[in-house]
1. Under the rule a/c < 1.5 gives rounded, and otherwise a/b versus b/c splits prolate from oblate, where does the stretch 78-121 land using the Cα gyration tensor?
2. Please go through the residue pairs Lys56/Lys84; Lys56/Lys80; Lys3/Lys64; Lys84/Lys126 and name each one whose alpha carbons sit more than 26 Å apart in this structure.
3. Where in the stretch 15-94 are there chymotrypsin sites (Phe, Trp or Tyr not before Pro) that are in a DSSP coil and have at most 14 other Cβ atoms within 10 angstrom of their Cβ?
4. Which one of Gly61, Leu99, Cys74 has its Cα pushed farthest toward the positive end of the charge dipole of the chain, where Lys and Arg give +1 and Asp and Glu give -1 at the Cβ?
5. Using alpha-carbon positions, what is the distance between the centroids of the stretch 116-130 and the stretch 1-69, in Å?
6. Mind checking which helices in the chain clear 20 Å along their axis (Cα) and have mean Kyte-Doolittle hydropathy of 1.6 or more, DSSP H runs only?
7. Out of every Cα-Cα pair in the chain, what percent are more than 19 Å apart?
8. Cut-off 10 angstrom, C-alpha nodes, Gaussian network model of the chain. Which of Ile41, Ile67, Ile129 fluctuates the most?
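Every read-out reported here was derived from the displayed coordinates using simple, explicitly stated rules and does not represent laboratory data. Worth saying up front: this structure is predicted, and the values here are computed from it rather than measured. All Cβ positions, even for glycine, are placed from backbone atoms using ideal geometry, and neighbour counts span all protein chains on display.
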Amino acid sequence: MKKYLIVFLISMVPLIELRGAIPYAVGFNLPIVPSLIVAVIGNMIPVPFIYLFARKVLEWGKDKKYIGKFFTWCLEKGEKGGKKLQAKAGRGLYIALLLFVGIPLPGTGAWTGTLAASFLDMGFKKSVIYVLLGVLLAGAIMLAASLGVFGAISLVK
């Protein structure tokens, strides 16, 4: 149970998210299906809060002494991600959101995708659904990659 809690918590961490939780679960030989479910839930819990509140909190804190630089960086990242997503997507903005969240590259994921959706004033419900689909895609990709890497390591032993 402790290792599932770790999977859950890792999947909630910005920038690491499910992309770190799945390899952890595979590396510790946890059962795949429960690990995926726990990681997806952990990755999705922050999403509504990010959409509804993160932009407001970041705007509030951008000129504060100790947190201002970090909050400004987060705002710039969200705005940049949103503009990039909108420029590439055109009319397929929600599909672009799904792919942005789902393709596990540095700086993409549920946190950044949701923040971008918030900056672009995309609909809440539809954004959450497409972020979830992206998280599921990222989970499948990370699972395949993790099984491949850890499977290769086990062959070397």
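1. Values: a/c = 1.62, a/b = 1.18, b/c = 1.37.
Judged from the Cα gyration tensor, the stretch 78-121 comes out oblate (a/c at least 1.5, b/c at or above a/b).
2. On the way: Lys56/Lys84 21 Å; Lys56/Lys80 17 Å; Lys3/Lys64 37 Å; Lys84/Lys126 19 Å.
Exceeds cut-off: Lys3/Lys64.
3. Within the stretch 15-94, the qualifying chymotrypsin sites (Phe, Trp or Tyr not before Pro) (loop, at most 14 other Cβ atoms within 10 Å) are Phe28, Tyr66.
4. Gly61
5. That distance is 18 Å.
6. 124-156
7. 54 percent
8. Comparing Ile41, Ile67, Ile129 in the GNM, the peak value goes to Ile67.
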